[in-house]
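**Student:** Pasting a structure here, questions to come.
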């Protein structure tokens, strides 16, 4: 077995084998929990698959659930590439939703492309500024972004709750429940699949993937992000402004997370309540980890989490297995992705050298470190 794995390139093990094995083992750990409850895991997983893919409109709903994971996963992954652990995606989701919804219900009568564009722009700017606070604090004071983004999550939740529940601010005066007014009809994202809720936000998410990849891999800013993430000290010695790059990286990460928030509002909810994210921002950390911070890997990882999110209810209805089982799957996947040596030991894979990362170009050939 070890000899066979020795023939496999190291990047294949890192990019494909470890993530796939992590998912399989995650389901294996959850299967043990299902057996402990006296239920057949095969039946539970069959129901999960049916609820996510084969039932009426199931696949469309899985795609709907995957859209916010794509934007949020891209945001968290971009932060990872710059050496930043953005745990504030949930709060940035809220801030983006607030700003975008305010624009979407305040303007009327403009063409849909303008109203949607203005709402998206407002959300992205708000997310950039809000996440940029954590980036600024890290750059200027050394405050760790994990702590500041966690704290900013709670600030965002409280801001949203205050604005949406207080008369005279963003609360709909005609509604008895705390929510904003409905967005203008021209600001809603169009449905792209008849008789379903699948909206054009999916197309925006699919466009965002190559754009983020291009930003990271083919631009000067992307080079700086990767260089700072690889070695901040060496980057500073090479003349790169680490402080500026840190603020920009965190801001762009927040803008992507905020886009997830407004796309969810414009495509699905059409108004905003005090609680809208449902843990999407925290799940996005697992999406980015599973994708190994590769923008192209975000799509299958987001689709997996969207399927888990969408199929859990049907699984519980059919087999009485709690939908909370999905949390066990997600947690197990994170554990195995974060500790790839467990996978290597289980599969008898010999240690490979760290995959070389191209950080600069000389004469058309990448210099690797």
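Nothing in this text is a laboratory measurement; each read-out follows from the coordinates by a stated rule. What you see is a predicted model, and the numbers here were worked out from it, not measured in a lab. Heads up, the Cβs are rebuilt from the backbone with ideal geometry, glycines too, and the neighbour counts pull from every protein chain shown.
**Student:** Before rounding to the nearest 500, sum -39500 (n - 2.57) across all DSSP H runs of length at least 4 in the chain and divide by the residue total; then give [θ] at 222 nm in deg cm²/dmol.
**Tutor:** Taken over the chain, the calculation gives -21500 deg cm²/dmol.
**Student:** Something else about it: For Cα pairs less than 8 Å apart in space and 6+ apart in sequence, what is the mean separation divided by the residue count of segment 47-191, i.e. the relative contact order in percent?
**Tutor:** Answer for segment 47-191 is 26 percent.
**Student:** Okay, moving on. Separation between the residue 331 and residue 32 pseudo-spin-labels, each 7 Å from Cα along Cα→Cβ, expressed in nm?
**Tutor:** Here the answer is 1.3 nm between the modelled labels.
**Student:** So, one more: For a test of the definition: using alpha carbon positions, the gyration tensor, and the 1.5 limit on a/c, classify the chain as rounded, prolate or oblate. Walk me through the intermediate numbers first.
**Tutor:** Working: a/c = 1.86, a/b = 1.13, b/c = 1.65.
It comes out oblate by the Cα gyration axes.
**Student:** Related question: Which shape class, rounded, prolate or oblate, goes with segment 167-308 when its Cα gyration tensor gives a ≥ b ≥ c as root eigenvalues, a/c under 1.5 marks rounded, and past that a/b bigger than b/c marks prolate? Provide the component values of the computation, followed by the final result.
**Tutor:** Values: a/c = 2.49, a/b = 1.76, b/c = 1.41.
Note, shape of segment 167-308 comes out prolate.
**Student:** Taking a ≥ b ≥ c as the square roots of the Cα gyration tensor eigenvalues, with a/c under 1.5 meaning rounded and otherwise prolate when a/b beats b/c, else oblate, which class fits segment 130-224?
**Tutor:** On the way: a/c = 3.30, a/b = 1.17, b/c = 2.82.
Because a/c hits 1.5 or more and a/b fails to exceed b/c, segment 130-224 counts as oblate.
**Student:** In what order do 144, 108, 199, 270 fall by count of nearby beta-carbon atoms within 10 Å, going from fewest to most?
**Tutor:** By the 10 Å Cβ count, ascending, the order reads 108, 144, 270, 199.
**Student:** Computed FRET efficiency, Cβ-Cβ of residue 275 and residue 320, R0 30 Å: what is it to the nearest 0.05?
**Tutor:** That gives a FRET efficiency of 0.65.
**Student:** If you build a Gaussian network model of the chain, linking Cα atoms that sit under 10 Å apart, which residue out of 98, 198, 211 swings the most?
**Tutor:** Maximum among the listed residues: 211.
**Student:** Calculate, for residue 161 and residue 108, the FRET efficiency according to 1/(1 + (r/R0)^6) with r their C-beta to C-beta distance and R0 25 Å; round to the nearest 0.05.
**Tutor:** 0.40
**Student:** Can you put 324, 184, 172 in order, fewest other beta carbons within 10 Å first?
**Tutor:** Ordered by Cβ neighbours within 10 Å, fewest first: 324, 172, 184.
**Student:** If you rank 244, 176, 226 by fewest surrounding Cβ atoms within 10 Å, what's the result?
**Tutor:** Going from least to most buried by this count: 176, 244, 226.
**Student:** Which residue, 100, 142, 239, tops the fluctuation ranking in a GNM of the chain built on C-alpha contacts under 10 Å?
**Tutor:** Checking each option, the largest mean-square fluctuation is seen for 239.
**Student:** Let me check against my output: what whole-number percent is the relative contact order of the chain, with C-alpha pairs under 8 Å and at least 6 apart? Working shown, then result.
**Tutor:** Values: 645 pairs, mean separation 126.7, N = 369.
Taking the mean separation of contacting Cα pairs over the length of the chain, I get 34 percent.
**Student:** Another question, then. At a threshold of 8 angstrom on Cα-Cα distance, excluding pairs fewer than six apart, so keeping six or more, what relative contact order does segment 106-257 reach in percent?
**Tutor:** Computed over segment 106-257, the figure is 38 percent.
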